[in-house]
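Visitor: Below is the structure I would like to discuss, written out as structure tokens.
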Amino acid sequence: MDPTRANELFDVAERLAAEAKKLRDELEYEFITSQLAAVVAEDYDLGEVVGVEQIFGGYVNLSFAVRTRADAGEQRYFVRNYSRSITEREIRFEHALVNHINGKGFHLAARVFPNKAGGTFVTREDLRDGERETRYFAVYEMLEGLDKYTWVKNRCTDREFESGGRVLAQFHYLAHDFDPQGLGRQQPPIMQMLRDLRTAFAGYAEQARAGDSVVDKYYLEWLPAIDRALARGADQEPELQGMPYIPVHCDYHPGNLKWIDEEATAFRPVETSGSSCCGLFDFDWSKLDYRIFDVAEGIVYFCSSWEGHDSGELWLDKAAIFVRAYQDEAARFDTPGPMSQAELAALPRMIANANLYVLNWDVSAYYEADEELNDDEYLMYLKHQVMLMEFIEAHLEELSHLASAQAAPAGQPVLDHDQERG
């Protein structure tokens, strides 16, 4: 074929492909928004649907804001279109847990609205690759407050670190006596996960060797160090025996809280002044596990730097504020109460384990994706968690000082991070 003619045809094909993608994206958005409107209109008594907008930011489920109009005026609701990987058993666990804590006065958790049949979710049958599959939907309260942060944009104020620690303690108190009645997440608890991940990561290495992306190369370079950290983490299990094993949020980061006036708490056991009503949401990762794992993951998410001169480091002074606030709030309750000295002694290694838990998401999301992902984005995630892994291992002694946080005067960090770095 004449090169000029080939170039012309290639240009036509490129333009047709771009138009086809645009049409596909428009049809997909029209389908999911019209489906959401039908779900709310047909299965719930919430009024006439007058608007549907997608809420971006999540990586697993699709989220939407749905506006309805009824005699009382317009209302906004948060509607979740669950991931294809979710099971009914997991959804029932999440909703039962949310209803349990809301029933005990934890009003900053977004409540789940019942459908016309009295259930907490509805289903639809979607066509995918010629096969029918069941999709799950749920309608939640739209919480007040600001979406100030994400899991990677987390430079909170000291007051917000304190508030974050308090809210986690409140959640643990209200959730500790929850009876799952055989429900729960497919994902195993952290100690079992650490053992399983050594095998899973070896499998991802086979995929990485067959690829040639920047993620593949970085992952293979650091896999030996990651495997050693997994082995050290799994060795911790004997010292955890007898520690509180309760429902945990398992995705506790600043982006899963709503904020007003630097506060993220509405439930208080005693009257206080100046508290603003905010919210905690996204319980779809919740499961039963060790309480200190949830605290450790909160530290990893709240207190690790994603940018600047300290990127990949843990803010030790902020971690101390978070732990001290958790201990002070937890001390108000008999069960599970503040972390014991044994839990505090185990906390540094559990922080390392929690970081490996997040690192697993980076790796598994990349290698199990059924669509093309941005290599640079996932390299950023993986690099952060690897740098944090190395930082934690090098600062376990400093992290052990978090045990003294409960004795420090309120508002004063136990360890100044800038001084620690010299």
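The values are calculated or read from the model by the stated rules, or taken from the named source; none is laboratory data. On a predicted model such as this, the values are computed, not experimentally measured, just so you know. Glycine gets a Cβ as well: all are built from the backbone with ideal geometry, and neighbour counts include every protein chain shown. To get the accessible areas, we keep the full protein, side chains included, count just its heavy atoms, and leave off ligands, DNA and RNA. Shrake-Rupley method; radii C 1.70, N 1.55, O 1.52, S 1.80 Å.
Visitor: Is there any pair linking a residue in the range 184-211 that is over 19 Å from residue 237 (Cβ atoms) and surrounded by 15 or more Cβ atoms within 10 Å (Cβ to Cβ) to one that is among the hydrophobic types (A, V, I, L, M, F, W, C) and at pLDDT 95 or above, with Cβ under 6 Å and at least six apart or on different chains, and which?
Guide: 184/93; 204/363; 205/223; 208/220
Visitor: Let me ask you something else. Can we say residue 11 is surrounded by 13 or more Cβ atoms within 10 Å (Cβ to Cβ), at negative phi, among the acidic types (Asp, Glu) and over 26 Å from the mean Cα position of the chain (by Cα)?
Guide: no
Visitor: Residues of the range 178-201 being out of contact with any Asp or Glu (no Cβ under 7 Å at 6 or more places or on another chain) and part of a helix (DSSP H, G or I), which ones? Spell out the reasoning first.
Guide: Of the residues in the range 178-201, the ones out of contact with any Asp or Glu (no Cβ under 7 Å at 6 or more places or on another chain) are 178-184, 187, 192-197, 199-200.
Within the range 178-201, 192, 193, 194, 195, 196, 197, 199, 200 meet the criteria.
Visitor: Moving on to the next point. Quick one: how many residues across the range 98-110 are more than 16 Å from residue 284 (Cβ to Cβ), surrounded by 14 or more Cβ atoms within 10 Å (Cβ to Cβ) and of a type in the set (Gly, Ala, Ser)?
Guide: The qualifying residues number 0.
Visitor: Could you check the range 96-121 and list, in sequence order, the residues that are part of a loop (DSSP other than H, G, I, E, B) and either closer than 22 Å to residue 259 by Cα or at pLDDT below 95 (or both)?
Guide: 104, 105, 106, 107, 108, 110, 111
Visitor: Restricting to the range 30-53, count the residues that are among the aromatic types (Phe, Trp, Tyr) and not in a helix (DSSP H, G or I).
Guide: Residues in the range 30-53 being among the aromatic types (Phe, Trp, Tyr) and not in a helix (DSSP H, G or I): 1 in total.
Visitor: Which of (1) open to solvent by 30 Å² or more (accessible area, probe 1.4 Å); (2) touching a helix residue (DSSP H, G or I) at 6+ places or on another chain (Cβ under 6 Å) is the odd one out, the single condition residue 137 does not satisfy?
Guide: The one condition residue 137 does not meet is (1).
Visitor: Moving to a separate point now. List every residue pair whose Cβ atoms lie under 6 Å apart, where the two residues are 6 or more positions apart in sequence or sit on different chains, the first residue falls within the range 132-149 and is more than 15 Å from residue 68 (Cα to Cα), and the second residue, located anywhere, is acidic (Asp, Glu) and modelled with pLDDT of 90 or more.
Guide: So the pair list comes out as 132/125; 133/126; 135/126.
Visitor: On the basis of being in contact with a Leu (Cβ under 6 Å, 6 or more places away or on another chain) and closer than 28 Å to residue 288 by Cα, does residue 98 make the cut? Let's see the steps before the verdict.
Guide: Values: in contact with a Leu (Cβ under 6 Å, 6 or more places away or on another chain): no; closer than 28 Å to residue 288 by Cα: yes.
No; evaluated as a whole, the condition is false for this residue.
Visitor: Further question: Looking at 121, 93, 64, 113 in this structure, which one is surrounded by 14 or more Cβ atoms within 10 Å (Cβ to Cβ), aromatic (Phe, Trp, Tyr), within 25 Å of residue 147 (Cβ to Cβ) and in contact (Cβ under 8 Å) with a residue 40 or more places away in the chain?
Guide: 113
Visitor: Going through 39, 52 one at a time, which residue ends up being open to solvent by less than 100 Å² (accessible area, probe 1.4 Å) and over 30 Å from residue 152 (Cβ atoms)?
Guide: Exactly one of 39, 52 is open to solvent by less than 100 Å² (accessible area, probe 1.4 Å) and over 30 Å from residue 152 (Cβ atoms), namely 39.
Visitor: Taking the options 84, 5, 76, name whichever one is part of a strand (DSSP E or B) and open to solvent by 100 Å² or more (accessible area, probe 1.4 Å).
Guide: Values: 84 fails: part of a strand (DSSP E or B); 5 fails: part of a strand (DSSP E or B).
Going through 84, 5, 76 in turn, just one is part of a strand (DSSP E or B) and open to solvent by 100 Å² or more (accessible area, probe 1.4 Å): 76.
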